[in-house]
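Enquirer: Pasting a structure below so you can have a look.
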Amino acid sequence: MKSIVQISLDLTNIDEALETAAMALRAGVDWLEAGTPLILAEGCNAIKKLREAFPNVPIVADLKTMDGGYLEAEMMAKAGATHVVVMARAHEETIKCVVQATKDFNIKVMGDDLGCDDKIAAAKWLEELGCDYVIHHIGYDERRGIAAQGKRMPCPLYELR
């Protein structure tokens, strides 16, 4: 399987995000992620601007969807995203709605296990519900807390595989 390198554009300014994306693509990055901070700051415009600047590059809209799944996926697809993110902690119906929207709008869905106690069970559940990808995610705040305590990062990737 070919590895995919994705950069998270966790910025709050679209001009800075476009500049960073161009630099990342020159360095060999495959996919661009419109991070949650960028989408919060710039809305659907972030996705539209990235799509205009990089018409052939996969764009992940990391909304971390927890509710309103169909509408959020539809909005991101219409703005130019190729992938959307739904949280494993969302209600089953929300995940099903996102999966349906991604089928209707010909994009992909990534299920994110952030905050799940049992990452293996979450990964299996996301796959059963129709997610195209599962994201193993140790969040920013969690990573900072672990580092501040001088502990090692958990890494259940071998079990997830």
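The values are calculated or read from the model by the stated rules, or taken from the named source; none is laboratory data. Predicted, not measured: the structure shown is a model, and the values here were computed from it. No Cβ is skipped: glycine too gets one built from the backbone with ideal geometry, and neighbour counts run over all protein chains shown.
Enquirer: Taking region 121-161 only, how many residues are touching a Leu at 6+ places or on another chain (Cβ under 6 Å) and at pLDDT 75 or above? I'd like the intermediate steps shown before the answer.
Expert: Start the filter on region 121-161 by keeping residues that are touching a Leu at 6+ places or on another chain (Cβ under 6 Å), which leaves 123, 134, 136-137, 139.
Applying the additional criterion that residues be at pLDDT 75 or above yields 123, 134, 136.
The total comes to 3.
Enquirer: Quick one: which of G130, G115, G111, G150 is surrounded by 18 or more Cβ atoms within 10 Å (Cβ to Cβ) and not in a helix (DSSP H, G or I)?
Expert: From the options G130, G115, G111, G150, the qualifying one is G111.
Enquirer: Please go through region 1-47 and give me each residue that is farther than 17 Å from V85 by Cα and touching a Gly at 6+ places or on another chain (Cβ under 9 Å), ordered by number.
Expert: Correct list: L11, A17.
Enquirer: Only one of A21, A53, A41 is of a type in the set (G, A, S) and either in contact (Cβ under 8 Å) with a residue 60 or more places away in the chain or under 23 Å from Y133 (Cβ atoms) (or both). Can you tell me which?
Expert: A21
Enquirer: Check D62, D67, D112, D15 and return the single one that is more than 13 Å from the chain's Cα centre (by Cα), under 20 Å from L126 (Cα atoms) and of a type in the set (D, E, K, R).
Expert: On the way: D62 fails: more than 13 Å from the chain's Cα centre (by Cα); D112 fails: more than 13 Å from the chain's Cα centre (by Cα); D15 fails: under 20 Å from L126 (Cα atoms).
None of the others qualify; the one that does is D67.
Enquirer: Among helices (runs of 4 or more DSSP H) lying entirely in region 1-103, which contain 1 or more residues that are of a type in the set (D, E) and crowded, with 19+ Cβ neighbours inside 10 Å?
Expert: Because the criterion is at least 1 residues that are of a type in the set (D, E) and crowded, with 19+ Cβ neighbours inside 10 Å, the helices (runs of 4 or more DSSP H) in region 1-103 that meet it are 36-42, 69-79.
Enquirer: Considering only residues that are in contact (Cβ under 8 Å) with a residue 24 or more places away in the chain and farther than 23 Å from M75 by Cα, which ones fall in region 115-129?
Expert: If we filter region 115-129 for residues that are in contact (Cβ under 8 Å) with a residue 24 or more places away in the chain, which is where we start, we get 115-116, 119-120, 122-123, 125-126, 129.
Matches in region 115-129: G115, C116, K119, I120, A122, A123, W125.
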